[in-house]
Amino acid sequence: MRLLVVLAACALAACGQSSAPTEPGAPAEGVAQAGSAYQLTCADFAGVTLASLQERFGAENVVDQTLDGPEGMQYGATVIYPNDAARRLEVIWAEGAEHARAQNVLVEGQGNLWVGPHGLQVDMALADLETANGGPFDISGFGWDYGGSVTEWRGGAFSRAGCVVFARLSPAGEAHGAQGDAIFRSDSPAMQAANANVYEFGLGFPAE
């Protein structure tokens, strides 16, 4: 189940504009490969449009789809590389923006190669996420539609990335003590016992 992030409460400085598009089908400038992974940066996706995505990745690799969300909802998104799980990326557009302003950019699925700010990526362990953030953060309890969502980075590196950075984790260990609609610190005994890993992350661009 993919995460839909509510951005209305986010107070954030404006992100930098994306750079000029590259040749059709080529990765965008700023989406440089690091080993086998693509870089997902706030600056690169802040000003994307449907047309710029088509220029960067090739029109045949950029497809509008209706996808399933939490609580039985559905939402529309533009999916980059929809048939390639390793490079798949979702762009959700701001309401009424007519494919001209991204609201969220989402990455999910085991083996996905996209890498976000400060090395954020799918399958990242909770302990490594704390290290990258420079300290603990807050996360919602597991076992419900919005479970495992980072709710507050507590002033860490991810809160200073240039746009809203979000992540969602799933437990691999004992999670009975970290269940339900409640907030836990990532360094709490209950959350540490859950041994969670990132399965979805993304960027958010709230309206100025």
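Just give me the residues in region 60-89 being aliphatic (A, V, I, L, M) and either in contact (Cβ under 8 Å) with a residue 40 or more places away in the chain or touching a Leu at 6+ places or on another chain (Cβ under 9 Å) (or both), in sequence order.
V62, L67, M73, A77, V79, I80, A86, L89
Can you name the number of the only condition in (1) in contact with a strand residue (DSSP E or B) (Cβ under 9 Å, 6 or more places away or on another chain); (2) of a type in the set (G, A, S); (3) assigned to a loop (DSSP other than H, G, I, E, B) that G111 fails?
Going through the list (1) in contact with a strand residue (DSSP E or B) (Cβ under 9 Å, 6 or more places away or on another chain); (2) of a type in the set (G, A, S); (3) assigned to a loop (DSSP other than H, G, I, E, B), G111 breaks only (1).
Which of the residues that make up region 140-155 are under 17 Å from the mean Cα position of the chain (by Cα) and open to solvent by less than 10 Å² (accessible area, probe 1.4 Å)?
If the condition is that a residue be under 17 Å from the mean Cα position of the chain (by Cα) and open to solvent by less than 10 Å² (accessible area, probe 1.4 Å), then S140, G147, G148 are the ones that fit.
Assuming F158 fulfils every condition listed in (1) surrounded by 15 or more Cβ atoms within 10 Å (Cβ to Cβ); (2) modelled with pLDDT under 95 apart from one, which condition is it?
Condition (2) is where F158 drops out.
Restricting region 46-100 to residues that are among the charged types (D, E, K, R) and either exposed (fewer than 13 other Cβ atoms within 10 Å of the Cβ) or assigned to a strand (DSSP E or B) (or both), which is nearest to the chain's Cα centre (by Cα)?
Ranking the qualifying residues of region 46-100, first place goes to E90.
So which residues in region 161-170 are among the small types (G, A, S) and open to solvent by 20 Å² or more (accessible area, probe 1.4 Å), if there are any at all?
Once the filter is applied, which keeps residues that are among the small types (G, A, S) and open to solvent by 20 Å² or more (accessible area, probe 1.4 Å), region 161-170 yields A161, G162, S170.
Among the residues of region 171-198, how many are in contact with a Gly (Cβ under 8 Å, 6 or more places away or on another chain), over 15 Å from T151 (Cβ atoms) and surrounded by 15 or more Cβ atoms within 10 Å (Cβ to Cβ)?
Of the residues in region 171-198, 7 are in contact with a Gly (Cβ under 8 Å, 6 or more places away or on another chain), over 15 Å from T151 (Cβ atoms) and surrounded by 15 or more Cβ atoms within 10 Å (Cβ to Cβ).
The values are calculated or read from the model by the stated rules, or taken from the named source; none is laboratory data. From a predicted model like this one, the values you see are computed outputs, not experimental measurements. When we count neighbours, we look across all protein chains shown, and the Cβ atoms used for this are built from the backbone with ideal geometry, even at glycine. Just so you know, the surface numbers come from the protein's heavy atoms only, side chains and all, with ligands and any DNA or RNA stripped out. Shrake-Rupley method; radii C 1.70, N 1.55, O 1.52, S 1.80 Å.
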